[in-house]
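The structure appears right after this line, and notes come after that.
Just so it is clear, none of the values below were taken in a lab; they were calculated from the coordinates. Being a predicted model, the structure only gives us computed values, none of them experimental. Methodologically, a virtual Cβ is constructed for each residue, glycine included, from the backbone with ideal geometry; neighbour enumeration extends over all protein chains shown.
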Amino acid sequence: MASAESLLGDLLRRADFWQCYAQARLDHRQRPMLNRMLTGFEGKLGSIKCAKLESNSHDTAFRDLQTLVKRVRAQSIRLIPTA
């Protein structure tokens, strides 16, 4: 029961996030990266790991992460839920 509640909580948090930031200018490679971070991804998500997870080149992953960070900062996107 506890795992079902945890799963539902994660799902609702992710749905709330995407509802708030539906108009965010993100490309088709950046959305999966954000979804990974929102689903309890542990550890660091650097360009090498991102390239492997998304089957991209290292350079593409690096550029995507750089752009994502700029957009997250510019749009004040909160990845950490507030209590």
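Please state, rounded to one decimal and in Å, the Kirkwood hydrodynamic radius that the range 2-74 gives when every pair of distinct Cα atoms enters the mean of 1/r. List each step's numbers first, then the result.
Numbers: mean 1/r = 0.0757 Å⁻¹.
This gives a value of 13.2 Å.
Taking the Cβ of Lys52 as the center, what net charge do the other residues with Cβ under 14 Å away carry, scoring Lys and Arg +1 and Asp and Glu -1? Don't skip to the end; give the middle numbers.
On the way: positive: Arg29, Arg36, Lys44, Lys49; negative: Glu54, Asp59, Asp64.
Within the 14 Å Cβ shell, the charges total +1.
The relative contact order of the chain, computed from alpha carbon pairs under 8 Å that lie at least 6 residues apart in sequence, is 29 percent.
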